[in-house]
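I have placed the structure first, in the form of structure tokens, so that the comments after it can refer back to it.
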Amino acid sequence: MKRLLTMGLLLLAYAVSCLSLQAQTDSVRANAKLPGHPRLLLLAGEEKKLLKTIEADPVRSALHRAILGECDNLLTVAPLERKQIGRRLLSVSREALRRLFFLAYAYRMTGKKDYLTRAEREMLAVSGFSDWNPSHFLDVAEMTMAVAIGYDWLHGNLSETSRKTIREAIRSKGLEPSLVPKHNGWLNATHNWNQVCNAGITFGALATWEDDPAQARTLVNRAVRTIVKPMEDYAPHGAYPEGYSYWGYGTTFNVLFISALEKAIGTDFGLAQQPGFLQTPSYLLHMTGPTGQSFNYSDASEGGGSGPQPAMWWFARKRADPSLLHVERERLAKGDFRPYVKERTLPALLIWGADISLNKATIPPTTAWAGGGKNPVALFRSSWTDPKAIYLGLKAGSPSVNHGHMDVGSFVMEADGVRWAIDLGLQSYESLESKGVKLWGKEQDAQRWEVFRYRNEVHNTLTIDGQLQRADGYAGFNAFVNSEPAFQRATIDMTDVYKGQLQKSLRGGALIDNAYVLIQDELQAMPNRKASVRWSMLTRATVRLTGPGTAKLTQDGRTLTLRVAQPARITLKTWPTTPPHDYDAPNPGTTLVGFEVEVPAGEKAALTVMLVPQGAEGNVRANVKPLAEWPIGK
């Protein structure tokens, strides 16, 4: 009886969804005809051409062999089991996607039956799970994509019994739960959940199209209509609000979605032309510093940026711009692909990059980039080819963006192959949720802001009177200039983020003469009270205070001078990074360095800090210009 009631509710939800969706304009028409299997990403018969391009390039050949080698390792690994960690089955779903994408690719490219048998075994194992955890729908989405790729790519070689079992699992554990309102709130999300879930369900619908064309068409049309919501956040220039790591998640699945439509249906219905979307690879390109680390603001992992980004190959082909692959080429040139085989979408790199010659991956045409939107960034470097180049990443935006921190105005800085100004990045969600932390609130008094790593005093920005930045505040760039190598700069108006704490707050960041970095703040206290202002920078360097306004930072055999030019009389100090709660992650080897000043009620103050690499002391300009004299450019 319970099963009948559940099925009845599912059918009712499906009927209501169909009526609602059909009242809107359909992208995929009722008479749409899809190619036979395989139809996802790589059509039947395209293997030979792909293999030819792989064999013609040593780097691709090595990567291809690494994938096959990993598949050989998988042959003796037991199939996955349904092991949920906290509220998530996600680690299992992601491993399923990696295994099935790799094994199905390996079989199609080699015809080796062992890969087929192992993939079939994996699909039957996960198809036998009680469910794919619809209460945390990312888990369902990735598992649906995993099984859809295996089912579609291996369809003609699976037994009829296996096909039936796998197909029914895709439909009952993937597609049908997506029609239940309590599970599909992601349809209205403007972040990565929408992109990932729509992609996973669309893969499932396209893979099983012939079994229920009406339902499949409904789901694909729903996805085309709703995925534009997070895609709007790429406007106007391509900056992704959730930062580097989630670009690698949300954007990659967005590209998988578009690529699947292009192959199976023959069009992406104009989605790639959404404002800012084809500009977003420039954002990711410039987000990686000379050390290979990304600008890891918000919930991005520290040290992130070392792995491949398959979506960049799709963008490079789409834009006919191999220079977008400069960082990707540098990673692949290292020749050690063992860490890369943990990237679950790695075969897509070879598929999307088939028509791109790495020999034409020229140096990017500009050393600076800026993008607006919900979380604007400005990114500068002195060179693309010098591993010791100076790099400055500066962010504006709001703590209220998805996965945001109290990091408005924060920056990272590199020189001499060392990252001097760092960001700790995310803490494992499960480590916090398992201890009862309510992590996802965005209100000013949300428990999220009690997590040590999320607070502004642990970022490279300002703290006023010991208070948090305003969660609902927003800071945008007043000016950005990339046309003057001697003075690459950006200025941010952070007044709204410090509303009620300061009357005015402006911050400028500049790369001067390709030699050193300048961080400059101009503040005004509230008219009725003084402001205690703390300027801080987080570093892994050893800090030695060498004078009232100078410090010598030492790391990896290199040095950097931190010099306070304004105010004239301050005392630099350091603070520990020991967190206050038992749920906070430790931060070994890190130090906060900075200073505190008091600004009298209603008065103005300027804070100017220079970060001078070893050997560049003689290049520092004596005069410091007010931000109003930093010329506005483009």
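The values are calculated or read from the model by the stated rules, or taken from the named source; none is laboratory data. Because the structure is predicted, anything quoted here is derived from the model rather than measured. Using ideal geometry, Cβ is built from the backbone for each residue, glycine included, and neighbour counts are taken over all protein chains shown. Calculation scope for accessible area: heavy atoms of the full protein, side chains included, ligands and nucleic acids excluded. Shrake-Rupley method; radii C 1.70, N 1.55, O 1.52, S 1.80 Å.
Observations
- Of all residues in the range 542-570, those satisfying the criterion of being over 23 Å from Glu598 (Cα atoms) and surrounded by 15 or more Cβ atoms within 10 Å (Cβ to Cβ) are Val543, Lys552, Leu553, Gln555, Arg558, Thr559, Leu560, Thr561.
- Any hit, the range 361-370, residues being open to solvent by 20 Å² or more (accessible area, probe 1.4 Å), in contact (Cβ under 8 Å) with a residue 40 or more places away in the chain and either basic (Lys, Arg) or in a strand (DSSP E or B) (or both): yes
- Restricting the range 409-462 to residues that are touching a residue at least 12 places away in the same chain (Cβ under 8 Å), of a type in the set (A, V, I, L, M, F, W, C) and part of a loop (DSSP other than H, G, I, E, B), the residue that is surrounded by the most Cβ atoms within 10 Å (Cβ to Cβ) is Leu426.
- Cβ-Cβ under 7 Å pairs, at least 6 apart or on other chains, the range 382-408 side on the phi > 0 side of the Ramachandran plot, far side buried (at least 24 other Cβ atoms within 10 Å of the Cβ) and of a type in the set (D, E, K, R): His403/Glu242
- Some residue of the range 480-487 being within 29 Å of Thr590 (Cα to Cα) and either touching a Phe, Trp or Tyr at 6+ places or on another chain (Cβ under 6 Å) or open to solvent by less than 20 Å² (accessible area, probe 1.4 Å) (or both): no
- Meets criteria (on the phi < 0 side of the Ramachandran plot and either open to solvent by less than 10 Å² (accessible area, probe 1.4 Å) or of a type in the set (Val, Ile, Thr) (or both)) for Met109: no
- Residue match in the range 393-406 (condition: surrounded by fewer than 24 Cβ atoms within 10 Å (Cβ to Cβ), touching a His at 6+ places or on another chain (Cβ under 6 Å) and part of a loop (DSSP other than H, G, I, E, B)): yes
- Scanning the range 153-197 for residues that are in a loop (DSSP other than H, G, I, E, B), within 14 Å of Arg121 (Cα to Cα) and open to solvent by less than 20 Å² (accessible area, probe 1.4 Å) yields Leu154, Leu158.
- Residues that are among the small types (Gly, Ala, Ser) and either open to solvent by less than 40 Å² (accessible area, probe 1.4 Å) or at pLDDT below 90 (or both) were ranked within the range 28-57; the one that is farthest from Tyr105 (Cα to Cα) is Ala30.
- Subset of the range 496-510 [open to solvent by less than 10 Å² (accessible area, probe 1.4 Å), part of a strand (DSSP E or B) and either touching an Asp or Glu at 6+ places or on another chain (Cβ under 9 Å) or of a type in the set (A, V, I, L, M) (or both)]: Leu502, Ser505, Arg507, Gly508, Ala510
- If the condition is being on the phi > 0 side of the Ramachandran plot and either basic (Lys, Arg) or at pLDDT 95 or above (or both), then the range 416-425 contributes Asp416, Gly417.
- Taken together, Ala378, Ala300 contain a single residue that is more than 30 Å from Leu74 (Cβ to Cβ) and surrounded by 22 or more Cβ atoms within 10 Å (Cβ to Cβ), which is Ala378.
- Residues in the range 281-297 that are under 26 Å from Glu430 (Cβ atoms) and either of a type in the set (Asp, Glu) or open to solvent by 10 Å² or more (accessible area, probe 1.4 Å) (or both): Gln293 only.
- Residues being touching a Pro at 6+ places or on another chain (Cβ under 6 Å) and either outside any helix (DSSP H, G or I) or of a type in the set (Phe, Trp, Tyr) (or both) - total across the range 90-134: 3
- Only one of the numbered conditions (1) under 30 Å from Thr218 (Cα atoms); (2) free of Cβ contacts under 8 Å to residues at least 40 places away in the same chain; (3) in a helix (DSSP H, G or I) is not met by Lys33, and that is (3).
- Residue match in the range 566-573 (condition: over 24 Å from Ile492 (Cα atoms), of a type in the set (Lys, Arg) and modelled with pLDDT of 95 or more): yes
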